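Visitor: Quick one: the structure is below, and I'll ask about it shortly.
Nothing in this text is a laboratory measurement; each read-out follows from the coordinates by a stated rule. Predicted model only: the values in this text are computed from it and were never measured. In this analysis, Cβ positions are derived from the backbone assuming ideal geometry, glycine residues included, and neighbour counts consider all displayed protein chains.
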Amino acid sequence: MLSVEEARASVMDRIERLEPYRVDLLDSLGCVLAADIVSDIAVSPFDNSAMDGYAVRAADTSGATDAAPVVLRVVDHIAAGRVSSVLVGEGEAARIMTGAPVPAGADSIVMVEHTVSLDNAGSTGGTVAIGCPAVAGDHVRLAGEDVRVGETVLRAGEVVNAASVGLMAALGCAQVDVYRRPRVAIVSTGDELVGITDAPGPGQIRNSNSYSLAAQVLAAGGEPHMLGVARDNEADTRALLSRAPEFDIMVTTGGVSMGDFDVVKDVLEQIGVLDFWKVAMRPGAPQTYGTVGGTPFFGLPGNPTSTMVGFELFVRPAIRKMRGFGELDRPRVSARLAEDVKKKSDRRYFLRGVISRVAGVADADVDAPSVAPAYEARLSGRQSSAMLTAMHRANCLISLPEGLSEVAAGTIVTCIRLDEEEGTP
Ligand code: AMP
Ligand code: MG
């Protein structure tokens, strides 16, 4: 049996980033940029007002107070989107709105709150009383303040977030190059499976794994394709597994353990390459990995929680690597185990757990050796791999190392956060 690390390294060595492709701007959200984004314009493209107020020559306003304001003639009224052709001269001001270009002659903006409109001051021809002195540059946003012409604004390898989408929109990038999302084929195996809209007959269960897997593929940023159910015979299984080369990844569930009708491994050996099929872990030791026609193939075990844990540990990082992500690991946090746990000593355990903050312990204290971790972890329910309810309640996998057969309450354990994305600090 391989260790989890050996299995994972052997999988990840063989996974390659997919080629870049061009998508509409909004479809790049959450993807990894394949090329730098260089601006061909300045943002903002012109000097503009940061406030609603009056564009003035600062020198004209020196000494102004509420009691003794400076009165200026209003020579224009500039809305955002209009370029004024007026030159603001000595003793003059222009009414100006946020985002409007600063008119020639003016060097500063006085907020409307510091002015008193006298004689129809909102319109050209009126006058305005300025109640405080301006300093040149006040409330003026300079051209290129945010982005300079020729500046590299986003770098290849970055993950696109909502602000990057906004920046690229400002730069006129209607389409961008990102690494492609893998197309992931999902095959369930089992004579006992019926569709989710069917009422299970005697001995039958609904095919839930295809759905939990498709959801995990979506959450990892892949494109799920449910190919249906292969019955537990070689011909049926071969028919579906041989479709792997149409996809970037194939994931199957069930049919990889020691049962008389577990044919996935045999079929994989016939039509592809089997790299390994047992990993020293629980749940889900029969983690099968290989290739069919060059397509990475993951044969996950059938028990619903084993399927999901196997996906989490092996398939999710593979999808992320294909998508160009550098961060492939979920955040790991140390926590104090809240209860005694018995285990088989030859396996790594991934128990479904709930991790929570311990009241009164600050993160900053945790580095001091005498201080307890800021988190504790308890089991989220019964740990049978056939039961999905504890997985549903879990926000972490509690990882218990090989070599131990009992782990006592109070032991510091490592938890893999399922509720936080890779790369979260
Ligand atoms: P297997 O690995 O094929 O021996 O399956 C192990 C257990 O998981 C059995 O109890 C199966 O009935 C169950 N199982 C297998 N595939 C699915 C599936 N697609 N959805 C729900 N349960 C499944
Ligand atoms: Mg089966």
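Visitor: Which lysines have a Cα lying under 30 Å from the Cα of LYS344, excluding residues fewer than 8 positions away in the same chain?
Guide: The reachable lysines, counting only those whose Cα sits under 30 Å from LYS344, are LYS265, LYS278.
Visitor: Compare ASN209, ASN395, ASN48 in a GNM of the chain, Cα atoms joined below 10 Å, and give the one with the largest fluctuation.
Guide: In this elastic network of the chain, the residue with the biggest mean-square fluctuation among ASN209, ASN395, ASN48 is ASN48.
Visitor: Taking only the Cα atoms of region 255-350, how large is their convex hull per residue, in Å³?
Guide: Spelled out: Cα convex hull of region 255-350, divided by residues, is 122 Å³.
Visitor: Would you mind telling me which residue in VAL178, VAL229, VAL102 has the biggest mean-square fluctuation in a Gaussian network model of the chain, where springs connect alpha carbons within a distance under 10 angstrom?
Guide: Looking only at VAL178, VAL229, VAL102, the biggest GNM fluctuation is shown by VAL102.
Visitor: In angstroms, what radius of gyration and Dmax does region 161-319 have, counting Cα atoms only?
Guide: Cα radius of gyration and Dmax of region 161-319 are 17.5, 61 Å respectively.
Visitor: Something else about it: What number, in percent, do you get for the relative contact order of the chain if the mean sequence gap of Cα pairs under 8 Å and at least 6 apart is divided by its residue count?
Guide: It comes to 15 percent, rounded to a whole number.
Visitor: How big is the dipole moment of the chain about its Cα centre under a simple scheme where the beta carbon of each Lys and Arg is +1, that of each Asp and Glu is -1, and everything else is neutral? Debye, nearest 20, please.
Guide: With only Lys, Arg, Asp and Glu charged at Cβ, the dipole is about 1280 debye.
Visitor: Under 11 Å from the Cβ of MET111, count the other residues' Cβ atoms, weight Lys and Arg +1, Asp and Glu -1, and hand me the total.
Guide: Taking every other residue near MET111 into account, the sum is -3.
Visitor: Ok, one more. Please report the antiparallel percentage of DSSP beta bridges with both residues in the chain, rounded to the nearest 5.
Guide: Rounded to the nearest five, the antiparallel share is 65 percent.
Visitor: Please list, in order, the residues from region 124-160 whose amide nitrogen is less than 16 Å from a point placed 7 Å along the Cα→Cβ vector of ALA68.
Guide: The answer is 130-134, whose backbone nitrogens lie closer than 16 Å to the label point.
Visitor: What number, in percent, do you get for the relative contact order of region 332-417 if the mean sequence gap of Cα pairs under 8 Å and at least 6 apart is divided by its residue count?
Guide: Relative contact order, region 332-417: 49 percent.
Visitor: Counting other Cβ atoms within 10 Å of each Cβ, which GluC sites (Glu not before Pro) in region 1-98 have at most 16 and sit in a DSSP loop?
Guide: Those that pass, being in a loop and sparsely packed, are GLU16, GLU90.
Visitor: Please arrange VAL128, VAL251, VAL70, VAL43 by how many other C-beta atoms lie within 10 Å of their C-beta, fewest to most.
Guide: With the fewest neighbours first, VAL128, VAL251, VAL70, VAL43 line up as VAL43, VAL70, VAL128, VAL251.
Visitor: At a Förster radius of 45 Å, what calculated FRET efficiency corresponds to the Cβ-Cβ distance of MET387 and LEU29, to the nearest 0.05?
Guide: 0.80
Visitor: Still on this model: Which value in deg cm²/dmol, rounded to the nearest 500, describes the helix-derived mean residue ellipticity at 222 nm for the chain, given -39,500 (n - 2.57) per DSSP H run of n ≥ 4 and division by the residue count?
Guide: Mean residue ellipticity, 222 nm, calculated: -4000 deg cm²/dmol.
Visitor: Largest first and in whole Å, give the semi-axes of region 48-141's equivalent ellipsoid, each being the square root of 5 times a Cα gyration tensor eigenvalue.
Guide: Ellipsoid half-lengths, sorted descending, are 18, 14, 11 Å.
Visitor: Here is a follow-up. Compute a Gaussian network model of the chain, connecting alpha carbons closer than 10 Å, and tell me which residue from PRO101, PRO20, PRO401 fluctuates the most.
Guide: Per the Cα network of the chain with a 10 Å cutoff, PRO101 tops the list.
Visitor: Multiplying the sequence separation of ALA174 and ARG22 by 0.36 nm and subtracting their Cα-Cα distance, what value in nm do you get?
Guide: 53.7 nm
Visitor: Which of the three applies to region 19-74, rounded, prolate or oblate, going by the alpha-carbon gyration tensor with a ≥ b ≥ c and a/c under 1.5 meaning rounded?
Guide: Verdict is prolate for region 19-74.
Visitor: If I take all pairs of Cα atoms in the chain, what percentage of them are more than 38 Å from each other?
Guide: Cα-Cα pairs of the chain separated by over 38 Å account for 46 percent.
Visitor: In what order do ARG22, ARG320 fall by count of nearby beta-carbon atoms within 10 Å, going from fewest to most?
Guide: By the 10 Å Cβ count, ascending: ARG22, ARG320.
Visitor: When a footprinting reagent is the concern and you count Cβ atoms within 10 Å, what order do ASP52, ASP262 take, fewest first?
Guide: Neighbour counts put them in this order, fewest first: ASP52, ASP262.
Visitor: At q = 0.18, 0.19 Å⁻¹, what log₁₀ I(q)/I(0) does a Debye calculation on the Cα points of region 181-243 give, no solvent, two decimals?
Guide: Rounded to two decimals, the profile gives -0.68, -0.74.
Visitor: Select from SER380, ILE37, GLN204 the residue farthest towards the positive end of the dipole of the chain; place +1 on Cβ of Lys and Arg, -1 on Cβ of Asp and Glu, and compute about the Cα centre.
Guide: Checking the options against the dipole of the chain, the answer is GLN204.
Visitor: Now a separate question. Give me the one-decimal Kirkwood hydrodynamic radius in Å for region 332-417, with the sum taken over alpha-carbon pairs.
Guide: 13.2
Visitor: May I ask you to derive the relative contact order of region 48-141, considering only C-alpha pairs under 8 Å and at least 6 residues apart, and to give it as an integer percent?
Guide: 42
Visitor: Moving on to the next point. What GluC sites (Glu not before Pro) in region 277-362 are in a loop by DSSP, with at most 15 other Cβ atoms within 10 Å of the Cβ?
Guide: In loop regions of region 277-362 (DSSP not H, G, I, E or B), the sparsely surrounded GluC sites (Glu not before Pro) are GLU327, GLU339.
Visitor: Can you find, among ILE249, PHE325, PHE298, the residue farthest towards the positive end of the dipole of region 210-335? Put +1 on the C-beta of Lys and Arg, -1 on that of Asp and Glu.
Guide: Value: PHE325.
Visitor: Using a cut-off of 15 Å between beta-carbons, work out the net charge of the residues near GLY125 (Lys and Arg +1, Asp and Glu -1, GLY125 not included).
Guide: -1
Visitor: Give me Rg over Rh for region 132-242, both radii from the alpha carbons and Rh done the Kirkwood way, two decimal places.
Guide: 1.36
Visitor: Determine the sum of side-chain charges near ALA285: Lys and Arg each +1, Asp and Glu each -1, restricted to other residues whose C-beta is under 12 angstrom from that of ALA285.
Guide: My count for the surroundings of ALA285 gives +4.
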